[in-house]
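The values are calculated or read from the model by the stated rules, or taken from the named source; none is laboratory data. Remember, predicted model here, so these are calculated numbers, not experimental data. Methodologically, a virtual Cβ is constructed for each residue, glycine included, from the backbone with ideal geometry; neighbour enumeration extends over all protein chains shown. For the accessible areas, the whole protein counts, side chains as well, though only heavy atoms, and no ligand, DNA or RNA atoms are used. Shrake-Rupley method; radii C 1.70, N 1.55, O 1.52, S 1.80 Å.
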Amino acid sequence: MRMMNHEQRSKEWFAARLGCPSGSGFSKLIRADGKQSSSADTYINELIAQKVIGEIPETYENEWMIRGRELEPDAKAWYEFANGVTVQDVGFIKHDHFECGVSPDGLVNADGGLEIKCPAPSTHVKYLRDGKLPAIYKPQVMGCMWITGRKWWDFLSYHPSMPPFLIRVHWDSDYIVALSKEVEKACEIIAEETRKIEVMK
């Protein structure tokens, strides 16, 4: 893995992610059941456009997304206290060979990591009731393990007025093989199609 130790959401962090399939977008390439997502072509086109234009367009954030980002330090502090660990903050981590990567919410000890979500109250209740990793985040969590080589990943859903939901997810070889194929294929398409468009300029 290639560590890009820029503060998340900084100018340098956005530059490192330019045109790269990233953890939060892996669900646009592969579904939780291991099959290709129907949004793969649209996502690939968006990333090609980023490469050609040289910028990442601003993305829409609703009130819960903004509030979630504001609550993340509290969630991380709870996790550290509850587990007796120190979470290592990192920027964007790229694959050794392909232009793709992840921005973990933190690395834990020598073989783990952390993904934090601070959703709307009803969504948090759903996670508590279901008691399992939400399917929509399986590509992101498994992608983090694939890129970093870590053996497990903790998923934390946090709301300050309710009990937290914490579940540890372990390496799933079959799924990670399927995910890596879809992401690597997307990287190759992005590189090739970007070259073709650049020639047309």
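Can you compute the helix-only [θ] at 222 nm over the chain? Use -39500 (n - 2.57) per DSSP H run of at least 4 residues, normalise by all residues, nearest 500 deg cm²/dmol.
-15000 deg cm²/dmol
Solvent-accessible surface of the chain, taken per residue with a 1.4 Å probe and all protein chains present: 54 Å².
Counting Lys and Arg as +1 and Asp and Glu as -1, each charge on the Cβ, what is the dipole of segment 152-201 about the Cα centre in debye, to the nearest 20? Mind showing how you got there, number by number?
On the way: 6 positive and 9 negative charges, 31 e Å.
In debye, rounded to 20, segment 152-201 gives about 160.
GNM, the chain, Cα, under 10 Å: largest mean-square fluctuation among Asn83, Asn109, Asn45? With Cα springs under 10 Å in the chain, the top fluctuation among Asn83, Asn109, Asn45 is at Asn83. Modelled spin-label separation between Lys132 and Val199, with each label point placed 7 Å from Cα along the Cα-to-Cβ direction: 4.7 nm.
Taking a ≥ b ≥ c as the square roots of the Cα gyration tensor eigenvalues, with a/c under 1.5 meaning rounded and otherwise prolate when a/b beats b/c, else oblate, which class fits segment 79-122?
Here segment 79-122 falls in the oblate category.
Of all the options Pro134, Pro57, Pro164, the one that moves most in a Gaussian network model of the chain with Cα springs shorter than 10 angstrom is Pro57.
Peptide packing: for 25-32, 148-155, the average count of neighbouring Cβ atoms within 10 Å per residue gives the ranking 25-32, 148-155, highest mean first.
May I ask you to give the percent of accessible area on the chain that is carbon plus sulfur, with a probe radius of 1.4 Å?
Values: 5520 of 10830 Å².
Accessible surface attributable to carbon and sulfur in the chain totals 51 percent.
Under the membrane-span-like helix rule (DSSP H runs whose alpha carbons stretch at least 30 Å along the helix axis, mean Kyte-Doolittle hydropathy -0.5 or higher), the chain yields 173-200.
Taking every DSSP beta bridge that has both ends in the chain, the antiparallel portion is near 70%. Please say if segment 75-148 is rounded, prolate or oblate, where rounded means a/c under 1.5 for a ≥ b ≥ c the square roots of the C-alpha gyration tensor eigenvalues, and otherwise the choice is prolate for a/b larger than b/c and oblate otherwise? Oblate is the answer for segment 75-148, as a/c is 1.5 or above yet b/c matches or exceeds a/b. Here the chain is treated with +1 on each Lys and Arg Cβ and -1 on each Asp and Glu Cβ, and its dipole about the Cα centre works out to around 300 debye. Simple rule: put +1 on each Lys or Arg Cβ and -1 on each Asp or Glu Cβ in the chain, find the dipole, and look at Pro104, Ala120, Ala178; the Cα lying farthest toward the positive end is Ala178. The residue among Met200, Ile147, Met1 whose Cα reaches farthest toward the positive pole of the charge dipole of the chain, with charges on the beta-carbon of Lys, Arg, Asp and Glu, is Ile147.
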